[in-house]
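*Asks:* Here you go, one structure.
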Amino acid sequence: MTKSINVNRRTALLGAAALPMAASLASQASAMAPMQGAQVPRVNRMKLGAFEVTTMLAGTRTVEGAQGIFGMNVSAEEFAEASAAAHIPADKAQFFFTPTLVNTGNELILFDTGLNGAGIAAAVQAAGYSADQVTHVVITHMHGDHIGGLMTDGSPTFANAAYVTGQVEYDAWATQENERFDGNVKPLAEKMTFIGDEGAVTSGVTGMAAFGHTPGHMGYMLESEGQQLMLIGDLANHYVWSLAHPDWEVRFDMDKAGAAASRRKVLGMLAADGVPFVGYHMPFPGVGYVETRGDGFHYVPHSYQLLMG
């Protein structure tokens, strides 16, 4: 009996001594787990009355030299001060590319197509649909990151879809040479319907002129069961440098004064009416609200307001 007790004590002592070593080994094993890198979700689905609205991340990248793109008409000091106040770096920007799917119950409408056919097809699939289920493709404007996915290897990416875009926008690009437009948009012209301000895509989806970023840039208002949400395209390309400072010039705005006027008009309307919006280049999931602040606007990211129907 005494011998048994001695063995148990020795075993207990050995076990106690081994605990720090075991903890150290466990810690090392944990530390050896590979880094996964920063990650952004790819799909965000919301309810808008009877509609389902899905924003899809078709791509994201970091771009150096932010003030070579935004705030081109203000001093470096003013740009740096505004950036610091928003807790973002002044020397680089993160770009997001966010096409949107709207399921009305009768139609599956895709707004803008990203940079290429493979990318947008993969985004649509990640959202739970197939390319052949898309009934309409709506283009806000003809920049390459919006029309790039219209064609895949020379064929329409969305073979069963009808196409809708602004008449002013199409006409402006059709009169000039542009490889992306000529290769991706012109082959689909016979399948296209051209609309103007307040033109209907389908019931509950209405075009709204927001010219300036391009000659005929359009936004689209969604409305279902009394709820509204606006797809603003590239009206404001950054939640601070464009939205909070609507008069700051943006390199990609073809008519810089016209784009600033459109920002003030549309953002003022959204703020006054409390209407949420999807911005193509806003931080994913690209959904938020706008409120007036000083001489500009303030971006309020969506949390769960549109998750509850």
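The values are calculated or read from the model by the stated rules, or taken from the named source; none is laboratory data. All values derive from a computational prediction rather than experimental measurement. Backbone-built Cβ (ideal geometry, glycine too); neighbour counts: all protein chains shown.
*Asks:* May I ask you to list the residues in region 151-208 that are surrounded by fewer than 16 Cβ atoms within 10 Å (Cβ to Cβ) and small (Gly, Ala, Ser)?
*Replies:* GLY154, SER155, ALA159, ALA174, GLY183, ALA189, GLY196, ALA200, SER203 - these are the residues of region 151-208 that are surrounded by fewer than 16 Cβ atoms within 10 Å (Cβ to Cβ) and small (Gly, Ala, Ser).
*Asks:* Just checking, how many residues over region 92-111 are assigned to a loop (DSSP other than H, G, I, E, B), of a type in the set (Val, Ile, Thr) and under 18 Å from the mean Cα position of the chain (by Cα)?
*Replies:* Here the count works out to 1.
*Asks:* Mind counting the residues in region 119-140 that are among the β-branched types (Val, Ile, Thr) and either in a strand (DSSP E or B) or under 15 Å from ALA58 (Cα atoms) (or both)?
*Replies:* 5
*Asks:* Right, another one. If GLY212 passes every condition in (1) of a type outside the set (A, V, I, L, M, F, W, C); (2) touching a strand residue (DSSP E or B) at 6+ places or on another chain (Cβ under 9 Å); (3) surrounded by 19 or more Cβ atoms within 10 Å (Cβ to Cβ) but one, which one does it miss?
*Replies:* So GLY212 meets the others, but not (2).
*Asks:* While we're on this one: Cβ-Cβ under 8 Å, sequence separation 6+ or interchain: first residue in region 141-152 and in a strand (DSSP E or B), partner crowded, with 23+ Cβ neighbours inside 10 Å. Which pairs?
*Replies:* MET151/THR157; MET151/ASN184
*Asks:* Oh, and also: Within region 279-288, is even one residue touching a Pro at 6+ places or on another chain (Cβ under 9 Å), buried (at least 24 other Cβ atoms within 10 Å of the Cβ) and among the hydroxyl-bearing types (Ser, Thr, Tyr)?
*Replies:* yes
This table checks each residue for (1) among the small types (Gly, Ala, Ser); (2) at pLDDT 95 or above; (3) within 13 Å of HIS141 (Cβ to Cβ).
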residue	(1), (2), (3)
GLU177	no, no, no
ASP182	no, yes, no
LYS186	no, yes, no
ALA209	yes, yes, yes
HIS217	no, yes, yes
MET221	no, yes, no
GLN227	no, yes, no
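*Asks:* Residue under question is ASP255, and the condition is that it be over 21 Å from ASP112 (Cβ atoms) and touching a residue at least 12 places away in the same chain (Cβ under 8 Å); does it hold?
*Replies:* Judged against the criteria, ASP255 is not a match.
*Asks:* Anything in region 179-225 that is within 19 Å of PRO156 (Cβ to Cβ) and assigned to a loop (DSSP other than H, G, I, E, B)? List them, or say none.
*Replies:* So the first thing to find is which residues in region 179-225 are within 19 Å of PRO156 (Cβ to Cβ), and the list is 179-194, 201.
The one that is within 19 Å of PRO156 (Cβ to Cβ) and assigned to a loop (DSSP other than H, G, I, E, B): VAL185.
*Asks:* Being aromatic (Phe, Trp, Tyr) and farther than 21 Å from THR104 by Cα narrows it down to one residue among TYR163, TYR170; which is it?
*Replies:* One residue alone meets the criteria, TYR170.
*Asks:* Taking interchain pairs and intrachain pairs at least six residues apart, which have beta carbon atoms under 7 angstrom, with the first residue in region 153-178 and without any contact (Cβ under 8 Å) to a residue 24 or more places away in the chain and polar (S, T, N, Q) and the second surrounded by fewer than 16 Cβ atoms within 10 Å (Cβ to Cβ) and part of a loop (DSSP other than H, G, I, E, B)?
*Replies:* none
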